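Engineer: Got a structure for you, questions after.
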């Protein structure tokens, strides 16, 4: 959605290694915002974005208008299973349907063989997997690791809205997830203590949970025989940030 940073550019670099032609879309998709104020404040830096993409070696930049994508809009049906109504699906109603609608349009227009997404949006990557399985089985999906600032903060376009103090405090999110990932046994008390510590740093957690993948089912104990992740969403200085850490098996 623009306001590009190194995390986005790493997707371009990954595509350049795997594909002959790399197409980058930039579109601030209103269907993904359940908060009109968030849509209004979302940073738009198209001139700088185009310069970054040229330097990164992108072959094509796709800059559609709303009508280009949705002039013949029909609600695309994708069976998301349990992930539809938990975490981002619960706190951002309609968000994933917006993701599905815009990607269905992109995939139909661009007709890609390979697509590249960042694991910072872990649940979104799972949604994309469902969309591809059910509607575009010939597309190969690549999920790239989260790019981070030197402080550990996950790179995000929303970080531009934080003050210097806010950026320092926000770096504690990743530190918290890493500490929790080293726990063993029951995780509920450590999570509760971590939430209290985050609040002491003016970070208000929306959720912080251990989940089993790919269903995003909440777990109470770390069991390395399962695919697991710690997932977080919360607010700092009125800005909503998300992050996650995959638990190594």
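The values are calculated or read from the model by the stated rules, or taken from the named source; none is laboratory data. Computed from a predicted structure; not experimentally measured. Please note: Cβ atoms are built from the backbone with ideal geometry, for glycine as well, and neighbour counts cover all protein chains shown.
Engineer: Which condition number does residue 62 fail, the rest of (1) over 19 Å from residue 155 (Cα atoms); (2) out of contact with any strand residue (DSSP E or B) (no Cβ under 7 Å at 6 or more places or on another chain) being met?
Structural biologist: (2)
Engineer: Could I ask something else about it? Would you pick out the residues in the stretch 172-196 that are within 22 Å of residue 118 (Cα to Cα) and out of contact with any strand residue (DSSP E or B) (no Cβ under 9 Å at 6 or more places or on another chain)?
Structural biologist: If the condition is that a residue be within 22 Å of residue 118 (Cα to Cα) and out of contact with any strand residue (DSSP E or B) (no Cβ under 9 Å at 6 or more places or on another chain), then 172, 175 are the ones that fit.
Engineer: Another one. Can you give me the number of residues within the stretch 18-34 that are more than 14 Å from residue 115 (Cβ to Cβ) and assigned to a helix (DSSP H, G or I)? Spell out the reasoning first.
Structural biologist: First, the residues of the stretch 18-34 that are more than 14 Å from residue 115 (Cβ to Cβ): 20, 26-34.
After this cut, where a residue has to be assigned to a helix (DSSP H, G or I) as well, the list is 30-32.
So the count comes out to 3.
Engineer: Taking the stretch 77-93 as the search range and keeping residues that are buried (at least 17 other Cβ atoms within 10 Å of the Cβ) and in a loop (DSSP other than H, G, I, E, B), which one is modelled with the lowest pLDDT?
Structural biologist: Filtering first and then ranking leaves 92.
Engineer: Return the residues of the stretch 103-123 that are buried (at least 21 other Cβ atoms within 10 Å of the Cβ) and part of a helix (DSSP H, G or I); say none if nothing qualifies.
Structural biologist: 103, 105, 122, 123
Engineer: For the stretch 17-28, name all the residues that are buried (at least 16 other Cβ atoms within 10 Å of the Cβ), out of contact with any helix residue (DSSP H, G or I) (no Cβ under 6 Å at 6 or more places or on another chain) and more than 21 Å from residue 95 (Cβ to Cβ).
Structural biologist: Within the stretch 17-28, 19 is the sole residue that qualifies.
Engineer: Those residues that are in a helix (DSSP H, G or I), farther than 30 Å from residue 17 by Cβ and either out of contact with any helix residue (DSSP H, G or I) (no Cβ under 7 Å at 6 or more places or on another chain) or in contact (Cβ under 8 Å) with a residue 40 or more places away in the chain (or both), I need them from the stretch 35-65; list them, please.
Structural biologist: At the first step, the residues of the stretch 35-65 found to be in a helix (DSSP H, G or I) are 36-41, 46-56.
Now restrict to residues that are farther than 30 Å from residue 17 by Cβ: 36-41.
Scanning the stretch 35-65 gives 36, 37, 38, 40, 41.
Engineer: Residue 239 - would you say it is in the same structural domain as residue 174 (by TED's automatic domain parsing), within 21 Å of residue 148 (Cα to Cα) and out of contact with any strand residue (DSSP E or B) (no Cβ under 6 Å at 6 or more places or on another chain)?
Structural biologist: Working: in the same structural domain as residue 174 (by TED's automatic domain parsing): yes; within 21 Å of residue 148 (Cα to Cα): yes; out of contact with any strand residue (DSSP E or B) (no Cβ under 6 Å at 6 or more places or on another chain): yes.
So residue 239 fits the description; yes.
Engineer: Right, here's the next one. Filter the stretch 157-171 down to residues that are at pLDDT 95 or above and in contact with a helix residue (DSSP H, G or I) (Cβ under 7 Å, 6 or more places away or on another chain) and give me whichever is surrounded by the most Cβ atoms within 10 Å (Cβ to Cβ). Can you show your working first?
Structural biologist: Filtering the stretch 157-171 down to residues at pLDDT 95 or above leaves 162-171.
Keeping just the survivors that are in contact with a helix residue (DSSP H, G or I) (Cβ under 7 Å, 6 or more places away or on another chain) gives 162, 167.
Numbers: 162: 19, 167: 16.
Top of the filtered list is 162.
Engineer: Checking the condition free of Cβ contacts under 8 Å to residues at least 60 places away in the same chain and either surrounded by fewer than 18 Cβ atoms within 10 Å (Cβ to Cβ) or out of contact with any strand residue (DSSP E or B) (no Cβ under 6 Å at 6 or more places or on another chain) (or both), which residue from 129, 149, 215 passes?
Structural biologist: Working: 129 fails: free of Cβ contacts under 8 Å to residues at least 60 places away in the same chain; 215 fails: free of Cβ contacts under 8 Å to residues at least 60 places away in the same chain.
None of the other options fit; the residue is 149.
Engineer: Can you find a residue in the stretch 141-159 that is farther than 30 Å from residue 98 by Cβ and in a helix (DSSP H, G or I)?
Structural biologist: Quick first cut of the stretch 141-159, residues farther than 30 Å from residue 98 by Cβ only: 150-151.
Now narrow it down to the ones that are in a helix (DSSP H, G or I): none.
Checking the stretch 141-159: not a single residue is farther than 30 Å from residue 98 by Cβ and in a helix (DSSP H, G or I).
Engineer: Does the stretch 129-139 include one or more residues that are within 25 Å of residue 210 (Cβ to Cβ), under 17 Å from the mean Cα position of the chain (by Cα) and either modelled with pLDDT under 95 or part of a helix (DSSP H, G or I) (or both)? Quick ask: steps written out before the conclusion?
Structural biologist: First pass over the stretch 129-139, keeping only residues within 25 Å of residue 210 (Cβ to Cβ): 129-130.
Narrowing further to those that are under 17 Å from the mean Cα position of the chain (by Cα): 129-130.
Among the residues that remain, those that are also either modelled with pLDDT under 95 or part of a helix (DSSP H, G or I) (or both) are: 129-130.
The answer is yes, given that some residue of the stretch 129-139 is within 25 Å of residue 210 (Cβ to Cβ), under 17 Å from the mean Cα position of the chain (by Cα) and either modelled with pLDDT under 95 or part of a helix (DSSP H, G or I) (or both).
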